[in-house]
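First comes the structure, then the notes that go with it.
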Amino acid sequence: MGWKWHRGRYSGAPGYPWRIWGLALLLCAGAVAAAPGNMGSGGSSGSAITRTSALTSAHGVPGVSQTEIILGQSAPFSGPAGELGRDFQEGAQSYFARVNARGGVYGRRVRLLSLDDRYEPERALANTQQLIWRDKVFALFGYSGTPTVLAALPVIREAGIPLFAPLSGSSALRQPFNRLLFHIRASYVQETEFLLRQLKSTGRRRVAVFYQNDELGKGLLDILRQRVPLYGLTLVGSAGIERNSDAVAAAAAELARARPDVVIQVVSYQPAAAMINRMRAGGYLGGFSHYSFVGSTSLSARLKNAGVGAEVTQVVPFPNKARLRIVYEYQRAMAHTPGIDCNFTGLEGYIAARALVEGLRRAGRDLTREGLIRALESITPANYDGGGFSLHFTPTDHSGSDFVDLTAIGAGGRFIN
């Protein structure tokens with residue numbers, strides 16, 4: 001159904017002073033262990049005393065010991081966007097488990113310490129401060145969302161700690177270039193161009209936008225305003241909603257009055273599903289299009305028959321058909337996790353974990369953050385087999401992938417491609 005747009009990179013073939021912090025950790029270890037914010041969805045956190053046992057290696061690198069490499073993640077594991085964080089984490093953990101079962105990376109197990117931010121920037125900032133300064137993780141991984149990553153960026157810069165595979169395609173995280181951020185997904189600009197090209201080819205000319213009223217939604221609304229006319233389309237209306245809300249009644253009425261051929265939804269799955277159900281109940285017969293971050297499986301599960309025909313751009317291959325080796329690997333890994341189905345966000349987590357481990361291996365036994373950055377910058381399709389999903393980093397470009405595809409919800413809530 002869809003086609004893939006790329007620049008030639010995608011292959012379609014199968015401190016703080018340690019004395020102060022040491023004292024602080026000893027004084028508040030019991031309280032930290034009981035604090036509700038310290039447990040991630042995957043149960044990867046232990047007590048504070050357990051965490052401090054492997055914080056720093058003999059040569060002083062945070063989060064690296066003779067037996068462990070500790071990664072930190074802040075993402076939504078509860079609240080209206082919680083399924084996104086859980087899906088990504090489950091995909092990533094399935095690969096880390098495979099690596100650890102084979103002896104880890106140079107004998108070090110990879111451990112992911114995950115904290116719940118409920119998709120709220122303030123919590124993401126607090127989690128990042130905790131992960132860096134108290135838990136002393138080696139690197140950050142798999143953050144979810146544009147506003148949350150933007151909130152954490154000042155602390156990330158201060159610490160000089162790399163963040164690998166944020167679940168965001170925002171230009172604000174790519175321009176200007178930030179050496180600490182590595183992206184494995186296409187940008188939202190690339191998703192936008194792909195989507196508008198598809199709409200033009202189907203003759204749908206009148207476009208409305210339902211957007212999240214924050215940095216993510218406003219940024220994409222601006223991009224759509226600029227690019228919609230370039231494809232011979234007309235932006236006939238827009239309506240916003242606050243982050244983590246699904247109160248769509250007023251926005252639905254406003255968009256219905258604009259009589260669009262298609263509503264582009266720049267929101268996560270919960271308000272997106274609420275909008276589709278509301279507008280369908282009001283007699284709207286037009287289309288709905290979404291960006292990859294919507295959470296495809298979660299969206300479909302909330303729509304039942306109302307979702308048939310709804311489109312979603314994707315930044316990873318189709319996870320339910322093993323046409324590529326990376327998908328086959330992911331399906332096999334998830335088979336060891338009963339009750340969890342393969343999905344797009346989980347595959348993204350698996351791809352991210354796989355690429356990060358490659359960087360850890362290339363960085364060598366004497367692991368440092370600078371060494372990891374240089375190692376990741378050496379990954380190209382010529383020297384890294386991504387199983388059909390190519391990644392390409394350089395010292396001046398950390399946008400690893402240009403892969404974009406299109407899917408739609410079919411009968412029974414199943415995705416077609």
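To the nearest µm²/s, what D does Stokes-Einstein give for the chain at 37 °C and 0.692 mPa s, using the Kirkwood radius over alpha carbon pairs as Rh? This corresponds to a translational diffusion coefficient of 150 µm²/s.
Here ARG365 sits with roughly 150 square angstrom of accessible surface, probe radius 1.4 Å. Working note: Karplus 6.51/-1.76/1.60 with θ = phi - 60° gives the stretch 68-85 the couplings 9, 10, 9, 9, x, 9, 10, 7, x, 10, 9, x, x, 10, x, 5, 4, x Hz, where Gly and Pro are set to x. Taken one residue at a time, the phi angles of the stretch 365-371 give Karplus couplings (6.51, -1.76, 1.60, θ = phi - 60°) of 5, 7, 6, 9, 5, 5, x Hz. Gly and Pro are set to x.
Is the C-alpha gyration tensor of the stretch 320-417 telling us rounded, prolate or oblate? Criteria: a/c under 1.5 is rounded; beyond that, a/b larger than b/c is prolate, otherwise oblate.
Numbers: a/c = 2.77, a/b = 1.83, b/c = 1.52.
Cα axes put the stretch 320-417 in the prolate bin.
Estimated at the nearest 10 Å², the accessible area of THR396 is 110 Å² with a 1.4 Å probe.
Counting only DSSP beta bridges with both residues in the chain, tell me the antiparallel percent, nearest 5.
Values: 10 of 44 bridges.
Close to 25 percent.
Look at the Cα gyration tensor of the stretch 257-352: its axes a ≥ b ≥ c give a/c of at least 1.5 with a/b over b/c, and that counts as prolate.
Per DSSP helix of 4 or more residues, -39500 (n - 2.57); summed, then divided by the residues of the chain. What does that give at 222 nm, rounded to the nearest 500?
Details: 13 runs with 162 residues, N = 417.
Rounded to the nearest 500, the figure is -12000 deg cm²/dmol.
Shown is the FRET efficiency for ILE340 and GLU158, computed with R0 = 30 Å from the Cβ-Cβ distance and rounded to the nearest 0.05: 0.25. With a simple spin-label model that places each label point 7 Å from the Cα along the Cα-to-Cβ direction, the separation between ALA97 and ARG374 comes to 3.6 nm. Here the chain has 53 percent of its accessible surface on carbon and sulfur atoms, given a 1.4 Å probe and all protein chains in place.
In terms of packing, defined here as the mean over residues of other Cβ atoms within 10 angstrom, the peptides 203-210, 85-92 line up highest first as 85-92, 203-210.
The values are calculated or read from the model by the stated rules, or taken from the named source; none is laboratory data. Quantities reported herein were computed from a predicted structural model and do not represent experimental measurements. For neighbour counting, all protein chains shown are included, and Cβ atoms are generated from backbone atoms with ideal geometry for every residue, glycine included. Side chains are part of the model used for accessible areas, which takes the heavy atoms of the whole protein and leaves out ligands, DNA and RNA. Shrake-Rupley method; radii C 1.70, N 1.55, O 1.52, S 1.80 Å.
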